[in-house]
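This report refers to the structure that appears directly beneath it.
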Amino acid sequence: MTITDLTSMGESQTELKKEINERLQRLQDEISDYCYQCAKCTSGCEAHKLLELEPHKIVALLKKGLIDEMVNSDVIWTCMSCFKCRERCPQNVAPVEVLFALKNIAVASGQQIPGNYTAMLQSVLSMGLLQEVKNVLTRDNKTVSRTNLGLPEVSKPTDHTKFQMMLSKIAVEKV
Amino acid sequence: MKKYAVYPGCVMPTEQYAYEMSIREIMPHLDIELVDLKGFSCCSEPIKSVNQMLTLALSARNIAIAEKEELDIFAPCPMCHLALSDCKRVLDTNLMMNKRVNSYLTDEGLKYTGTAEIVSILDLLHDIVGIDKIKEKVKKPLKDLKTATHYGCHLIRPSEIGRSDDAENPQKMENILKTIGAKPEYYPEKLDCCGALLTANLPESALTKTGQKLQRVQEQEFDAFIDTCPWCHRQYDSKQIKAGETVAAKLEVPVLYLTQLLGISMGIPKEKLGLNLNLSPIEKLNLGGKKT
Ligand code: SF4
Ligand code: SF4
């Protein structure tokens, strides 16, 4: 199986997209009405000053139903998942969760996945972990491995065929 | 001796070896037995932006592996700990989701049952081992080391899921540090994020976040910056020089894992704690009396 199976809009992915859309719809129905645009989320947002993310505006756009506009925008990929907006919102609205749903939709609609996400996903598919086991440098510039350091072998999926079968189910399941 | 399956995740066992070494070294001294299990995978929290269902399913899968052995889980990485805790909360309260996620696990002969407890590094050290026990084990108190703590966002938020310390005023690292003789002090940037999760798509911005915080720490003349997360530590220690470049500062802040400092205070030799792997200028601290 490939990344495409897990992310983009193959025939079987219509359902995945539908499901994420329903999730967003629920967020829209259930939470965006509670938001009174106090912008407390934005005042503490870690990505606000540096990258101009405004979580209160994300919620406002969701309320207006301007989902495609957000899905097509790079700004949803500036959130660093610090969860401050979710923690501090007086109304229990969680902009960070809206952002996760929007990014999931962007991916399921076959939009280009930014940066390294594709490589990380590929690595999880092929060996179960985000990245290969690395050798590292010591303070005196020697290269050492886990074994050199006396650490045991890394735990990873033992039956790859079955592991990948599981992942493919998630990608294509009909809800 | 209390027993836990250690769930290593990805970043710690593929590159942040100092964390793993110091954990494996100190835990037996604190009467905690760590059990290694085969078959774990990524918890998928770092790629939740791509597919949230994947995060739920892979987290459940990892919990199920420990449940099969009837073990509770110790997840040293706060990001993994969040993923597993969130998964547990969802599957324990939402029967439909529980059924669905379990249907993914059958091929591998696994089942999420909800029996395993999931503990973080702070749960384990502060609440389960406890301050009294740590106090007993201190052989070489750290004399007045002025420390800045960095908890990592995922360890303390969102509190709705049940996190390891107060979301706005966490104190457990401070309590541990005081117990081993260090002098933790408040600083206004304490809760600032390291930016690590932007590494995937906006690496420069990630480093800027790191650099901005460390620069403030340096200005406030802390002796050391103490963390508990392999993602944060990679930013503050492994990438410190680069982070400094993004804010045009020469950063020279010694950065250590809490578990490394704890090990030093317990008199464990520094090689065993992976101190040779910290790339920040820890020689400034003169830890353990000799030059590091
Ligand atoms: S999401 Fe919450 S914090 Fe943000 S503007 Fe709305 S009510 Fe205020
Ligand atoms: S989780 Fe994202 S949107 Fe929310 S405060 Fe943090 S960076 Fe901003």
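The values are calculated or read from the model by the stated rules, or taken from the named source; none is laboratory data. Note that the structure is predicted; figures quoted are calculated from it, not measured. A quick note on method: Cβ atoms are made from the backbone with ideal geometry, for glycine too, and the neighbour counts reach across all protein chains shown.
Search segment A:40-50 for residues being within 9 Å of ligand 2 (Cβ to nearest atom) and more than 18 Å from the chain's Cα centre (by Cα), and hand back the single one that is nearest to A:W77 (Cα to Cα). I'd like the intermediate steps shown before the answer.
Going residue by residue through segment A:40-50, those that are within 9 Å of ligand 2 (Cβ to nearest atom) are A:41-42, A:44-48.
From what is left, the residues that are more than 18 Å from the chain's Cα centre (by Cα) are A:41-42, A:44, A:48.
Values: A:C41: 17, A:T42: 16, A:G44: 17, A:H48: 12 Å.
Out of the qualifying residues, it is A:H48.
Is it the case that segment B:97-118 has a residue that's of a type in the set (K, R), more than 18 Å from the chain's Cα centre (by Cα), surrounded by fewer than 16 Cβ atoms within 10 Å (Cβ to Cβ) and within 28 Å of B:M53 (Cα to Cα)? Walk me through how you get there before you give the answer.
Just the residues of segment B:97-118 that are of a type in the set (K, R), to begin with: B:99-100, B:111.
Those left that are additionally more than 18 Å from the chain's Cα centre (by Cα): B:99-100, B:111.
Of the ones still in play, those that are also surrounded by fewer than 16 Cβ atoms within 10 Å (Cβ to Cβ) are B:99, B:111.
With the extra rule that they be within 28 Å of B:M53 (Cα to Cα), the set shrinks to B:99, B:111.
Yes, that holds for at least one residue.
Looking only at segment A:56-95, count every residue that is closer than 22 Å to B:D166 by Cβ and not aliphatic (A, V, I, L, M) and tell me the total.
Initially, segment A:56-95 is screened for residues closer than 22 Å to B:D166 by Cβ, giving A:80-95.
So of that shortlist, the ones also not aliphatic (A, V, I, L, M) come out as A:81-92, A:95.
Residues meeting the conditions: 13.
Out of all the residues in segment B:143-153, is one or more without any contact (Cβ under 8 Å) to a residue 60 or more places away in the chain, of a type in the set (G, A, S) and either in contact with a strand residue (DSSP E or B) (Cβ under 7 Å, 6 or more places away or on another chain) or not in a loop (DSSP other than H, G, I, E, B) (or both)?
no
What are the residues in segment A:94-133 that are facing chain B (nearest Cβ under 7 Å) and of a type in the set (D, E), if any? Don't jump to the end; show me each part of the working.
Residues of segment A:94-133 facing chain B (nearest Cβ under 7 Å): A:100, A:103-104, A:107, A:113-117, A:120-121, A:124, A:128-133.
Matches in segment A:94-133: A:E132 only.
Is it the case that some residue within segment A:52-75 is assigned by TED's automatic domain parsing to the domain that holds A:L27, surrounded by fewer than 22 Cβ atoms within 10 Å (Cβ to Cβ), under 16 Å from the mean Cα position of the chain (by Cα) and within 11 Å of ligand 2 (Cβ to nearest atom)?
yes
Step by step: first the residues of segment B:192-219, then only those that are within 11 Å of chain A (Cβ to nearest Cβ) and in contact with a strand residue (DSSP E or B) (Cβ under 9 Å, 6 or more places away or on another chain), then the one that is nearest to A:G115 (Cα to Cα). Which residue is that?
Restricting to residues being within 11 Å of chain A (Cβ to nearest Cβ) and in contact with a strand residue (DSSP E or B) (Cβ under 9 Å, 6 or more places away or on another chain), the top hit is B:C194.
Within segment A:80-93, can you find the residues that are facing chain B (nearest Cβ under 8 Å) and among the hydrophobic types (A, V, I, L, M, F, W, C)?
So in segment A:80-93, the residues facing chain B (nearest Cβ under 8 Å) come out as A:80-84, A:86-87.
Passing the criteria: A:M80, A:C82, A:F83.
Could you list, in sequence order, the residues of segment A:76-109 that are among the hydrophobic types (A, V, I, L, M, F, W, C) and not in a helix (DSSP H, G or I)? Let's see the steps before the verdict.
Initially, segment A:76-109 is screened for residues among the hydrophobic types (A, V, I, L, M, F, W, C), giving A:76-77, A:79-80, A:82-83, A:85, A:89, A:93-94, A:96, A:98-102, A:105-108.
Within segment A:76-109, A:C79, A:M80, A:C82, A:F83, A:C89, A:V93, A:A94 qualify.
Based on this model, can you work out whether B:A167 counts as in a strand (DSSP E or B), more than 19 Å from B:A66 (Cβ to Cβ) and outside the structural domain of B:R61 (by TED's automatic domain parsing)?
Details: in a strand (DSSP E or B): no; more than 19 Å from B:A66 (Cβ to Cβ): yes; outside the structural domain of B:R61 (by TED's automatic domain parsing): yes.
When the stated conditions are applied, B:A167 does not pass them.
When you go through (1) at pLDDT below 95; (2) part of a loop (DSSP other than H, G, I, E, B); (3) surrounded by fewer than 20 Cβ atoms within 10 Å (Cβ to Cβ); (4) not polar (S, T, N, Q) one by one for A:V133, which number turns out not to apply?
That leaves (1) as the condition not met.
Might you let me know whether segment B:89-109 holds any residue that is of a type in the set (S, T, Y), away from every other protein chain (no Cβ under 11 Å) and in contact with a helix residue (DSSP H, G or I) (Cβ under 9 Å, 6 or more places away or on another chain)?
We begin by selecting, within segment B:89-109, every residue of a type in the set (S, T, Y); these are B:93, B:103-104, B:106.
Now drop any that are not away from every other protein chain (no Cβ under 11 Å), which leaves B:93.
Checking which are in contact with a helix residue (DSSP H, G or I) (Cβ under 9 Å, 6 or more places away or on another chain) leaves us with none.
No, segment B:89-109 contains no residue that is of a type in the set (S, T, Y), away from every other protein chain (no Cβ under 11 Å) and in contact with a helix residue (DSSP H, G or I) (Cβ under 9 Å, 6 or more places away or on another chain).
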